[in-house]
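Everything on this sheet refers to the single structure shown next.
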Amino acid sequence: MENTDRELLLNLTNSNYTLRRLYHEHLELEHKLESLRSSTAALLNASAEEKALKWRKLRGMDRIMSILKEHKAASRN
């Protein structure tokens, strides 16, 4: 994500509940992924869970970027 998009995202999270929820979920999933990567106890199960978390994280970021794109388009008009 570009710095301008990140700044816009942080500004919009104050007024856009959906965007705020998606962004917090994204951060939470990133934290879980980091924890999974560092854990050696559940290495075999971690692979499947890691894939699922990555998929959810990617879907959430797609939605975030879509909202940002819509906001940028609306701002131009």
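The values are calculated or read from the model by the stated rules, or taken from the named source; none is laboratory data. What you see is a predicted model, and the numbers here were worked out from it, not measured in a lab. So basically every Cβ, Gly included, is an ideal-geometry build from the backbone, and we count neighbours across all protein chains shown. These area figures cover heavy atoms from the full protein model, side chains too; ligands, DNA and RNA do not enter into them. Shrake-Rupley method; radii C 1.70, N 1.55, O 1.52, S 1.80 Å.
For this structure, a couple of remarks:
- Within region 5-37, considering residues that are open to solvent by less than 90 Å² (accessible area, probe 1.4 Å), part of a helix (DSSP H, G or I) and among the polar types (S, T, N, Q), the one modelled with the highest pLDDT: 18
- Subset of region 49-70 that is open to solvent by 70 Å² or more (accessible area, probe 1.4 Å) and farther than 28 Å from residue 4 by Cβ - its residue that is modelled with the highest pLDDT: 51
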